[in-house]
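Report on the structure given below.
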Amino acid sequence: MEKRKLGFWEIWNMSFGFLGIQMGFALQNANASRILQTFGADVHHLSWFWIIAPLMGLIVQPIIGHYSDKTWTKLGRRRPYFLIGAILASIGLVLMPQAEIFISVLPALWVGAGMLMIMDASFNIAMEPFRALVGDNLRDDQKTSGFSIQTVLIGIGAVVGSWLPYALANWFGISNDGGGGVPPNLIWSFIIGAIVLIISILVTVFTTDEYSPEELKRFADEKAHLEEIETEEESGGLVSIVNDFKKMPITMKQLAWVQFFSWFGLFGMWVFTTPAIAQHIYGLDANDSHSKAFNEAGDWVGIIFGVYNLVSAIMAFFLPAISKKIGRKQTHALALLIGGLGLISIYFATDKYFLIGSMIAVGVAWASILSMPYAMLAGAIHPLKMGIYMGIFNFFIVIPQIINALIGGPIVKYFYNGQAIYSLIIAGVSFLIAAVLSMKVNDISEVKQTT
């Protein structure tokens with residue numbers, strides 16, 4: 001028995017919810033640092049607040065992956081999880097920039113950090129099942145295209161989310177001057193993001209069918225391996241997760257190091273771009289977080305983040321053809337090389353427009369990071385373990401972010417003399433290391449397809 005080949009629009013609808021998830025994620029990535037600085041966070045402590053994001057991923061994704069593998073309801077196995085995640089994330093999006101309304105109960109900074117935690121936990125609840133859903137529903141020869149289409153939707157959502165504060169301020173006349181607080185254009189951007197998130201998730205929920213556990217069992221290639229999996233599932237959840245971690249495929253182990261350096265670099269970029277650009281391009285003090293110029297710098301960071309996401313959406317259309325021509329790991333290595341050089345080039349920027357070119361290069365890498373590792377991994381995973389292994393794979397995304405979160409701020413303060421631009425250079429170097437490691441990956445499913 002073989003899975004049905006899906007049409008373009010079926011794959012599109014299956015991943016459409018990622019548009020809303022990434023719109024909310026982009027709003028968070030581009031603006032959380034300046035919101036927290038507005039509430040009183042010091043630039044050297046920003047990475048410590050951001051540790052919430054990878055920590056939630058480390059805790060939530062493997063658990064969600066394990067239990068979504070074992071779930072079956074009227075909504076299927078994956079859809080209940082990303083629906084619940086979307087609802088919770090929307091609440092966090094609405095409340096984070098408005099944390100000051102709770103100031104009579106708790107300091108705004110504490111509430112803002114708490115809402116960041118809710119958003120990150122909820123995004124992780126929603127994202128992991130989406131990755132697994134593509135692995136569940138698509139045949140091996142469609143998985144590269146499936147993850148690429150997912151990347152297109154991620155890019156579209158991220159562009160809208162990144163550009164929205166700038167657009168509301170400059171095209172719709174909503175003020176970007178908060179008078180010492182969070183500006184109105186940012187508050188409205190987060191509210192709009194919450195609405196889009198819910199709508200996009202509902203599109204996927206009501207247009208996508210899932211294979212039942214019985215059907216997925218029939219797709220298993222090796223009966224002996226299937227019986228081994230069924231025996232393991234009789235043990236407790238935590239024991240099962242630990243056992244699966246020990247028995248991860250060799251391809252997954254190799255990709256782990258690629259992911260480590262890729263996401264170490266991405267985390268540094270997300271956390272420190274706003275203060276770096278405010279200092280390096282706008283000539284502001286690192287903690288000058290209440291001025292109109294700082295908010296203009298923050299809005300421009302949203303624009304250039306939108307650029308890299310737009311480029312990733314475009315590149316995603318070409319990745320299947322490129323990878324078919326030169327191979328998936330070679331495609332990923334080349335993309336990471338381009339992205340690494342783009343990040344390093346920010347140091348040499350003479351004005352804010354130079355940054356557009358830098359972020360075009362980052363967008364090439366981002367497109368590949370969102371698709372190639374998952375396409376290589378999905379072909380090496382047993383169908384009944386798709387959820388748990390996608391969750392475990394997230395370890396190698398969140399652990400480097402946690403490490404960067406712990407050491408990033410102190411390094412900026414004590415080694416970079418408060419100059420956040422050097423964190424972006426290190427991010428670029430991390431991409432270059434990941435590119436080298438990508439060439440060592442054994443892409444099992446690609447070998448199968450060519451033999």
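Just so it is clear, none of the values below were taken in a lab; they were calculated from the coordinates. Keep in mind that this is a model prediction, so the values were computed, not measured. Glycine also receives a Cβ, built like all others from the backbone with ideal geometry; neighbour counts cover every protein chain displayed.
Relative to the Cα centre, the charge distribution of the chain, modelled as +1 at Lys and Arg Cβ and -1 at Asp and Glu Cβ, gives a dipole magnitude of about 660 debye. Specify which residue in the list L133, Q330, Y353 is farthest towards the positive end of the charge dipole of region 8-450, using unit charges on the beta carbon of Lys, Arg (+1) and Asp, Glu (-1), about the Cα centre. Towards the positive end, the residue furthest out is Q330. Which entries in the list K70/K253; K74/K246; K352/K440 go over 26 Å, if you measure between the two C-alpha atoms of each? Where the Cα-Cα span goes over 26 Å, the pairs concerned are K74/K246; K352/K440.
With respect to the chain, whose longest principal axis is taken over its alpha-carbon atoms, helix 52-70 is tilted by about 20°. Using only the Cα atoms of region 312-451, build the gyration tensor, take square roots of its eigenvalues as a ≥ b ≥ c, and label the shape rounded, prolate or oblate: rounded if a/c is under 1.5, else prolate if a/b is larger than b/c, else oblate. It is oblate, given that a/c is not under 1.5 and a/b is not larger than b/c. Approximating the spin labels as points 7 Å out from Cα along Cα→Cβ, the L88-to-Y282 distance works out to 3.4 nm. So I have [x] 5, 22, 33, 25, 11, 3, 0; [y] 4, 15, 21, 23, 17, 12, 6, 2, 0, 0; [z] 4, 18, 26, 22, 13, 7, 4, 3, 2, 1, 0, and one of them is P(r) over Cα pairs in 10 Å bins from 0, in percent calculated from this model. Which one is it? Answer by label: [x]. Helical runs assigned H by DSSP (4 residues or longer) give the chain a calculated mean residue ellipticity at 222 nm of -25500 deg cm²/dmol, each run adding -39500 (n - 2.57) before division by the residue total.
Note that region 309-363 carries a Kirkwood radius of 11.9 Å, evaluated over its alpha carbons pair by pair.
Electrostatic tally near P275: other residues with Cβ closer than 15 Å to its Cβ, Lys and Arg +1, Asp and Glu -1, net -2.
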